[in-house]
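Since the structure comes first, as C-alpha cells, the remarks are kept for the end.
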Amino acid sequence: AKAADRSSVHFFDPQMQVVASLRAAMRQDLYEALRNNQFQLYYQKQVDQHEQLIGVEALLRWAHPTKGFISPAQFIPLAEETGLIVPIGEWVLREACETLAQWASDPAKANLTMAVNISVVQFNKKDIVHTVLKALNASGAKPHNLKLEITESLLASDVENVKAKMLELQRHGVTFSIDDFGTGYSSLLYLKQLPIHQLKIDQSFVSDIIDSPNDQAIAQAVITLATAMHLSVIAEGVETEAQRAMLQGLGCDAYQGYLFGKPCALQDLFMGTQERRS
Ligand code: C2E
Ligand code: CA
Ligand code: CA
Ligand code: CA
C-alpha cells in the first residue's frame with residue numbers, strides 16, 4: 001500500500017474498520033444468499049391451553065455456504081439497513097404461503113395459522129398490501145390463515161398510513177399480532193385504533209417469570225389488557241412446564257417455546273410426538 005493510504009488508516013478506529021469490512025462482506029453475502037436460495041424457513045409450533053397445535057411461526061434461516069447456519073438476529077438488522085429485507089421478506093411471505101396452501105388439503109392442518117414476521121422497513125413500503133395479497137393469491141393460501149407479526153416500533157411511525165394498510169389486509173382476512181409486546185414504545189391508544197388480534201408476550205418477560213415478581217406483574221398486565229380488549233395473548237419462549245403453568249394461571253391463551261418444540265424444517269414439523277413429558 002502507498003504511504004498516504006497507510007497514514008490515513010490511523011484516522012480510523014481499527015476495530016471499526018474490521019466491523020465495517022465484515023459488514024460489507026456480509027452485505028455482499030446477503031445478495032448472494034437471495035440469488036442462490038440459501039434461505040430456508042423453519043417453523044415453530046404454537047399451542048392452545050389444551051396444548052393442541054393451533055399454528056406455527058415461520059422463522060428465517062440462512063444456510064451460509066461456509067459459515068453454516070446464521071441466526072436472523074445477526075443478519076436482519078443489516079438486511080433492514082440495506083433494504084434487502086424487502087426482497088428477503090417477499091421470499092418469506094411466498095414460502096410461508098406455499099406451506100399454508102399445502103396444508104389446506106389436509107383436514108388436520110387446514111385450520112392452522114401461519115405467523116410471519118414483518119419488519120418495519122418492509123411494512124412501510126408502499127406496496128406491502130399488494131405483496132402480501134400476491135403471495136396469498138399465487139399460492140392459493142387463505143388470508144384468514146395468515147397472521148402477520150409486527151412490532152410496536154411500527155406503531156411509532158406514520159400511524160394513519162400503517163392503519164390504512166392494516167385495515168386493507170384485515171378486510172381480506174389477514175390478522176395481526178404485536179410481537180415482543182411491552183419491549184418497545186407501546187401506546188395503548190394505537191392498540192384501540194388498529195385492527196390487532198393478538199398480543200405476544202416477549203420471551204424476556206417469560207424466561208425469569210418464576211423468580212421475578214416484576215415479570216409476573218408485566219405478564220399479568222399484558223394478559224389483563226388483552227382480555228379487556230378482546231385480544232388473544234400468546235407467550236413466546238416458554239421452556240418449562242412451570243412457566244407454562246404460571247402463564248396459564250395468569251390467563252394466557254396460547255404458548256410457543258422449546259417446551260412444545262424448537263423451530264424446525266417443514267419435514268420435521270409433524271414428526272413423532274411430544275417428548276416433553278418423558
Ligand atoms: P422473534 O420474532 O421474537 O422470534 C422468537 C425467537 O425466539 C426465535 O429466534 C426463536 O427461535 C426463539 N425461541 C423460540 N422459542 C424459544 C425458547 O423456548 N427459548 C429460547 N431461548 N428461544 C426461543 P430466531 O429464530 O433466532 O429469530 C430471531 C429474530 O429474528 C426473531 O425474533 C425475529 O425478530 C427475527 N426474524 C426471524 N425470522 C424473520 C423473518 O422472516 N422476517 C423478519 N423480518 N424477521 C425475522
Ligand atoms: Ca416473531
Ligand atoms: Ca417475538
Ligand atoms: Ca422476542
Q | Mean Cα-pair separation over length for the chain, i.e. relative contact order, pairs under 8 Å, 6 or more apart, % | A | 17
Q. For segment 83-137 and segment 144-208, what is the separation of their Cα centres, given in Å?
A. 16
**Q.** Dipole magnitude (debye, nearest 20) for the chain, charges at Cβ of Lys, Arg, Asp, Glu
**A.** 700
**Q.** Accessible carbon and sulfur surface of segment 1-143 relative to its total accessible area, %, 1.4 Å
**A.** 55
Q) For the chain, what mean projected area does the convex hull of the alpha carbons give, in nm²? A) 18.4
Q) Where both partners of a DSSP beta bridge lie in segment 1-131, what percent of those bridges are antiparallel, to the nearest 5? A) 75
Q: Can you list which of the trypsin sites (Lys or Arg not before Pro) found in segment 39-103 are DSSP loop residues with at most 14 other C-beta atoms within 10 Å?
A: K67
**Q.** segment 1-120, accessible area per residue, ligands and nucleic acids excluded (1.4 Å, Å²)
**A.** 56
Q: May I ask you to rank H230, H172 by accessible area, largest first, using a 1.4 Å probe over the protein chains only?
A: H230, H172
**Q.** Extension gain (nm, one decimal) between S204 and N111, 0.36 nm per residue minus Cα-Cα
**A.** 30.5 nm
Q: Divide, for segment 15-102, the radius of gyration over alpha carbons by 2.2 N^0.38 Å, where N is the residue count.
A: 1.29
Q) In terms of the Cα gyration tensor, with a ≥ b ≥ c the square roots of its eigenvalues, is segment 111-151 rounded because a/c is under 1.5, prolate because a/b exceeds b/c, or oblate? A) oblate
Q) Scattering from the C-alpha atoms of segment 79-119 alone, worked out with Debye: what is log10 I(q)/I(0) at q = 0.17, 0.31 1/Å? A) -0.51, -1.00
(Q) Rounded to the nearest 20 debye, what is the charge dipole size of segment 62-129 about its Cα centre when +1 sits on each Lys and Arg Cβ and -1 on each Asp and Glu Cβ? (A) 40
**Q.** Of A110, V132, V120, farthest towards positive along the dipole that unit charges on Lys, Arg, Asp, Glu beta carbons give the chain
**A.** V132
Q) Using a Gaussian network for the chain with springs between C-alpha atoms less than 10 Å apart, which of these wobbles most: T113, T183, T66? A) T66
(Q) Looking at the chain as a GNM with Cα springs under 10 Å, which of L22, L133, L266 has the largest mean-square fluctuation? (A) L22
Q. Label points 7 Å out from Cα along the Cβ direction at R27 and S187: separation in nm?
A. 3.2
Q.
Relative to 2.2 N^0.38 Å, what does the C-alpha radius of gyration of segment 82-145 come to as a ratio? Two decimals please.
A. 1.14
Q. On full extension of the chain, what length is gained from A228 through S71, given 0.36 nm per residue of separation minus the C-alpha to C-alpha distance?
A. 52.9 nm
Q. Among the trypsin sites (Lys or Arg not before Pro) within segment 105-204, which fall in a DSSP loop and have no more than 10 other Cβ atoms within 10 Å of their own Cβ?
A. K126
Q.
Show me, bin by bin at 5 Å from 0, the whole-percent P(r) of segment 150-278 based on Cα pairs.
A. 2, 10, 19, 20, 17, 14, 11, 6, 2, 0, 0
Q: Count the DSSP beta bridges whose two residues both fall in the chain, then state the antiparallel fraction as a percent rounded to the nearest 5.
A: 40
Q) Under unit Cβ charges (Lys, Arg +1; Asp, Glu -1), what dipole magnitude, rounded to 20 debye, does segment 151-201 have relative to its Cα centre? A) 180
(Q) Counting just the Cα atoms, what span does segment 86-219 cover along each of its three principal axes? Round to the nearest Å and put the largest first. (A) 47, 37, 26
**Q.** Sorted peptide list for 29-39, 250-260, criterion being average Cβ within 10 angstrom, highest first
**A.** 250-260, 29-39
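The values are calculated or read from the model by the stated rules, or taken from the named source; none is laboratory data. Given the structure is predicted, the values throughout are model-derived calculations rather than measurements. Because the Cβ atoms are built from the backbone with ideal geometry, glycine has one as well, and the counts that use them run over all protein chains shown. Surface accessibility is based on the protein's heavy atoms, side chains included, excluding ligands, DNA and RNA. Shrake-Rupley method; radii C 1.70, N 1.55, O 1.52, S 1.80 Å.
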